[in-house]
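Encoded as C-alpha cells, the structure appears first; notes follow it.
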Amino acid sequence: MSACDLAIAGAGPAGSTLALALSGLGLRIILIDPRAPGATPIGRRTLALSASSCKIFEALGLWPELLSSASPIEQIHVSEAGHSGMTRLRSGESSRGAFGYTLASDRLEIALQGRLSEAHGVEQLQARVSGFETSSGGVQLSLSGDGPATLQAERVVAADGSESTLRQLAGIPVQRYDYGQIAIAAEVVMGGPQSGIAYERFHREGPVALLPIVSGVGEARFGLVWTATPDEAERLLALPNAAFEAALNARFGGRFPGLKLTAGSRVSFPLSGLKAERLTAPGLLLVANAAQTLHPVAGQGLNLGLRDVAVLADLIAGAVRQGESPGSPTLGQAYEAARKRDRNRIAGSSRGLVQLFGAEPGPVVAGRNLGLHLMTLLPPLRHAFARYGMGLGRRVSRMERGLAP
Ligand SMILES: Cc1cc2nc3c(=O)[nH]c(=O)nc-3n(C[C@H](O)[C@H](O)[C@H](O)COP(=O)(O)OP(=O)(O)OC[C@H]3O[C@@H](n4cnc5c(N)ncnc54)[C@H](O)[C@@H]3O)c2cc1C
C-alpha cells in the first residue's frame, strides 16, 4: 500500500490547481485521475475567467503563460430577440483594463499539466478512486488502474467533478437542478480585427454568447456557448456547417452574416446543476464541481471552484506551518465555514438567473439577465465582488491576492 499526506482525486483544473498551490510545502501529494497525465484535453470550451481566477493563476506563477493565450473582454454587447436596441458595457473603469479574460479550456489544462510535471512533492497516478473508508491514520482509498490497489492518506480532497465518486461514497446528499437544456460549444471566426467585444443575445429558449478569443491577423475568433432545448440542440448538432452558421447568424438577428465555424467539432454539454449539502465528511473535503456544479451559461463554475481551492490551500498551508496534519478535523470545520457564504451566494444567484430563462422575455427579464454568461465580470456584480475582495463579505484567500498560500 502507498501512503501520502494528501490525496487529490481528479486532475481537472481544480485538482491540478490545488496540487500546484500546495507543492513545495514538504507534503507528499498524490494526484489521481483515470486520464493519463498529459493526455489530449477533451471537451474544449471557452472559459470566462474573473479577476480572482486570474490572481489565483498569478499566485502559481502561471498567469504570464496563460495571458499569451487569453483574450481580454473590453466590451459586452447585450441584446434581446424581439426587442430593438442593445446595451453596450465598456470596461473603462476597470483597473485591469478588462472585465476579465477568456481562455480555451484545453490551453488551461496544458499549462497546468506542464507545471505539474515539474512540481515538487506531487506524484500523478493514473487510476480511478473506487472506494473510500476512514482508518486510524486518516483514509484508505481503493483504486482501479494499473498502479497500487489501495492508497493511505491523511486526507483526501474530492476534485472528481460533478458526479464525484467520493462524495457519493461518503453519502453526502446533494440538491439537484435539471435545467432541461443543452449547451453547444464551438468556435467561430469572422473577418476584421479582434475587438475584445463579447456578444450575448437572449431568447425565450435560452441565451447565446460569443466570447472573444485569441485570433490570427485579420480575423476575429469567438468561443460560442449556445443554450438550447434538447430537441433544438439535437437538430443544431446534426446540421451541416453552413446551415449551422446560418442558424447562428439568424439567432443573432442577422448581425454576423460572415461568421464561419472553425475546424473541429461542435461539443454539447447537458445542463444540470447540483449543490452538496456539506463540503466535508470524516477524512474528506469537496472542492469545485464535486461541491457544486453551476449552469455553465452563468460562467461561474470554475471561478467559484478556484476560490474553494484557494481558501483550502490557505488553510492546509497554515496547518502544515503550525506542525498540524492536513487531516486535522478543525481544518475541515474552518473550510466549511469559510466557503459557506460565497458558495450560497453564487450558487443561489446563478440558479435564480437561470430560472428567468423560463420567464416571458421583457425589459425586466432582459435587464436582470444582462450579461448572464459574464456575470462575475459585470460592473454592479464586480463592485460586490470588490467588496468581497476587501474582506467585507468573506474571507479572501492569499491566492486571490496573487500570493502563494
Ligand atoms: C459549456 C461550458 C461552459 C463553461 N464556461 C465557464 C466559464 O465561462 N467560466 C467558468 O468559471 N466556468 C465555466 N464552466 C464550468 C467549468 O468548466 C467547470 O466548473 C470546471 O471544469 C470544473 O472543474 P473541476 O476540476 O471541478 O471538474 P472537472 O473539470 O469535471 O474535472 C474532474 C476530474 O476528475 C476526474 N475523475 C472523475 N472521477 C474520478 C474518480 N473516481 N477518481 C479520480 N478522478 C476522477 C476526471 O477524469 C476529471 O479529470 C463551463 C462549463 C461548460 C460545460
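The values are calculated or read from the model by the stated rules, or taken from the named source; none is laboratory data. The shown structure was predicted, so the numbers you read here are calculated from the model rather than taken from an experiment. Cβ coordinates were reconstructed from backbone atoms using ideal geometry, including for glycine residues, and neighbour counts include every protein chain displayed.
Taking region 20-84 and the strands (runs of 3 or more DSSP E) fully enclosed by it, the elements with 2 or more residues that are closer than 22 Å to Gly121 by Cβ and modelled with pLDDT of 95 or more are at 29-33. Can you confirm whether region 296-312 contains a residue that is surrounded by fewer than 20 Cβ atoms within 10 Å (Cβ to Cβ) and not hydroxyl-bearing (Ser, Thr, Tyr)? No, region 296-312 contains no residue that is surrounded by fewer than 20 Cβ atoms within 10 Å (Cβ to Cβ) and not hydroxyl-bearing (Ser, Thr, Tyr).
Does region 13-22 contain any residue that is more than 10 Å from the ligand (Cβ to nearest atom) and more than 21 Å from the chain's Cα centre (by Cα)? So far as region 13-22 goes, no, none of its residues is more than 10 Å from the ligand (Cβ to nearest atom) and more than 21 Å from the chain's Cα centre (by Cα).
Pairs linking a residue in region 50-65 that is under 16 Å from Thr102 (Cβ atoms) to a residue that is surrounded by 23 or more Cβ atoms within 10 Å (Cβ to Cβ) and polar (S, T, N, Q), with Cβ atoms under 6 Å and 6 or more positions apart or on different chains, are Ser50/Asn303; Ser50/Thr376; Ser53/Asn303. Taking (1) of a type in the set (D, E, K, R); (2) more than 13 Å from the ligand (Cβ to nearest atom); (3) within 17 Å of the chain's Cα centre (by Cα) in turn, Lys340 satisfies each apart from (3).
Of the strands (runs of 3 or more DSSP E) lying entirely inside region 156-237, the ones with 2 or more residues being surrounded by 16 or more Cβ atoms within 10 Å (Cβ to Cβ) and more than 18 Å from the chain's Cα centre (by Cα) are found at 174-191, 197-202, 219-228.
Take region 253-311 and flag every residue that is part of a loop (DSSP other than H, G, I, E, B), of a type in the set (S, T, N, Q) and near the ligand (Cβ under 8 Å from one of its atoms).
Passing the criteria: only Gln300.
Among residues belonging to region 129-155 that are among the small types (Gly, Ala, Ser) and in a strand (DSSP E or B), point out the one that is surrounded by the fewest Cβ atoms within 10 Å (Cβ to Cβ).
Looking at residues that are among the small types (Gly, Ala, Ser) and in a strand (DSSP E or B), I get Ser135.
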